[in-house]
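All remarks here apply to the structure that follows.
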Amino acid sequence: MRERDNGNLFAVLSAGFPADRNGCCIDAGEGAWYSWDDVERASAMIANLLSRLALPRGARVAVQVEKSPEAVLLYLATLRAGCVFLPLNIAYQAAEIDYFVGDAEPSVVVCSPAHLGWIEPIARRHRVAHLFTLGVERDGTLLEAAAREPDRFATARSRADDLACIVYTSGTTGRSKGAMLSHGNIGSNARTLHAYWRWRAGDVLLHMLPIFHVHGLFVAIHGALLSGSRMIWRRRFDAQEAVRLLPQATVFMGVPTMYVRLLDEPGFGPQACRNMRLFVSGSAPLLPDTFRQFEARTGQRILERYGMSETAMITSNPYDGNRVAGTVGLPLPGIEVRVVDDAGRDCATGEIGAIQVRGPNVFGGYWRMPQKTKEDFTADGFFRTGDVGKRDANGYLAIVGRSKDLIITGGYNVYPKEIESYLDGLDGVAESAVIGVPHRDFGEAVTAVVVARPGARLEEGALIAALRGRIAAFKVPRRVHLVDELPRNTMGKVQKNLLRERYAS
Ligand code: MCA
Ligand code: AMP
């Protein structure tokens, strides 16, 4: 097989690296930067280390580290070695990590040095063969071990349908599901977006998203790599820092909360955006009001797109054509999207129905959940997204709701069932219902409604404190309302719509 026939995602991405390998690929500030040659060589060293471990075929490399350029190198090295990358949110606590490690059975776990104390026993209990650390100061045992390895590596040969990544997404039952994405799924989506959003040599991406999700890891990074573009790299989003750095950038990607926060910056305007050609928003609905305010302030029309962990990007507003506020645009080339009624028939224009998708981007299934996978695909191979929408006369898709009971807070997904099961396990709690209520900054805020057991005295602050440290901070309810009983319909089902109305303000 010739190199260009290799379906390995790294081979696909590195085809876009520039001829001059001495230019900057990742600029993390304060003199910390990697050239294209550095990326090639440092990822080769880590890939050599992984290969030396003689891992079984399809071995998972689970990674829970702070954002750093070296974390990207680890991602690329995992692809190069033919292993399966499994990114985990740095906010996850012990119970959450225990579940992921137990479910995915990784051969390698890489964690932040600060988490080693509590991750080590989890790794031991699940018989993880290799545990490394990776810090943000180029520190940790992973880089120490890789430093002894050669800096050339022949990227593993992969077929398009070989597994590249497992991305966990929260589940309606409370159990997270691992979406299995192949080299072909991710590579095809990267190439499609590269062309659709007109990535070009000389672009500069301001990268402020987390890299344990599809948005920051795939959508943003792959565009820059495929076009040989420099990334200005920051650990986290900070609106003031973004305003300072934007004049050096041409492309920015963010969740709606980031756009709301940029608009709150008094110094933000056309000057900051003078070299920008593209602002992309996704992961949560962008309010039409935010879209309009942004245009009025900067002259830039944010491009909103829609995707999922299971499918990467599905639709996008056009690059050249009209970007319509409140819509997620048109199906990307090569991807079929349909809106269907309960009987599975195509909805008419303007009619609301379930959104389904089919294409080379759609994942192969959920890790070790064949039944769940089967339920989520139609007989003709469309994936049921769980999102509800409608198409206008021009084919633009608008997402109007979700059939899945899901809260999206600041671009992070929270499944109420999971939080309810933690709340119900607390002393004195008889039952609970978790809902999302409108929130100016986060879009939706996680809110709990709790009923006490007879004779128990519960307090909002104590319940919130009890959840802190047990689950990731973004999942902890911002408010807990104590009630005597939950509203139920005649079938005995909790009427969350009534709770959402009652606590909306
Ligand atoms: C932080 N906190 C949050 C969130 N983030 N609470 C609710 N929702 C959140 N998203 C908590 C912190 O733990 C802290 O809690 C308190 O809120 C204040 O934190 P703050 O400093 O304001 O937050 P931040 O660190 O500035 O983070 C906000 C953020 C961040 C920048 C919006 O959440 C973020 O980077 N979101 C992006 C998520 C993302 O990339 N999603 C893509 C998923 P305390 O003080 O109590 O400790 S991929 C996807 O959805 C699909 C495929 C797609 O279409 O892209
Ligand atoms: P995840 O499972 O983390 O990949 O999140 C995917 C979900 O995020 C989708 O099913 C949608 O509900 C939501 N989502 C992503 N992009 C958008 C968008 N532009 N507008 C509304 N919802 C979105």
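Here are some notes:
- Here the Karplus relation 6.51 cos²θ - 1.76 cosθ + 1.60, evaluated at θ = phi - 60°, turns the backbone of region 431-437 into coupling constants of 7, 8, 9, 10, 10, x, 10 Hz, with x for every Gly and Pro.
- Counting DSSP beta bridges with both ends in the chain, the antiparallel % (nearest 5): 60 percent
- Cα centroid separation, region 383-427 to region 455-474 (Å): 24 Å
- Among C273, S309, W197 - extreme Cα towards positive end, dipole of region 184-309, charges at beta-carbon: W197
- Restricting the GluC sites (Glu not before Pro) of region 85-157 to loop positions (DSSP other than H, G, I, E, B) with no more than 12 neighbouring Cβ atoms within 10 Å leaves E137.
- Taking each of K475/K496; K372/K496; K67/K374 in turn, the alpha-carbon distance tops 29 angstrom for K67/K374.
- Since only A77, C111, I122 are under comparison, the one whose Cα sits farthest along the positive direction of the charge dipole of region 48-160, derived from C-beta charges on Lys, Arg, Asp and Glu, is A77.
- For the chain, the spread of Cα positions along each principal axis, largest first, Å: 66, 55, 51
- Per-residue ellipticity at 222 nm, computed for the chain from helices alone with -39500 (n - 2.57) per DSSP H run of at least four residues, works out to -8000 deg cm²/dmol.
- Proportion of all alpha-carbon pairs of region 296-362 beyond 18 Å (%): 46 percent
- Given charges at beta-carbon only (K, R positive; D, E negative), |dipole| of region 366-408 in Debye: 120 debye
- Highest mean packing comes first when the peptides 446-454, 398-406 are listed by Cβ atoms within 10 Å, giving 446-454, 398-406.
- Peptide ranges 231-243, 119-131 listed from the most packed, as the mean C-beta count within 10 angstrom indicates: 231-243, 119-131
Laboratory data are not the source of any read-out in this text; all were calculated from the coordinates shown. All figures in this text were calculated on a predicted structure; none of them were measured in a lab. Cβ coordinates were reconstructed from backbone atoms using ideal geometry, including for glycine residues, and neighbour counts include every protein chain displayed.
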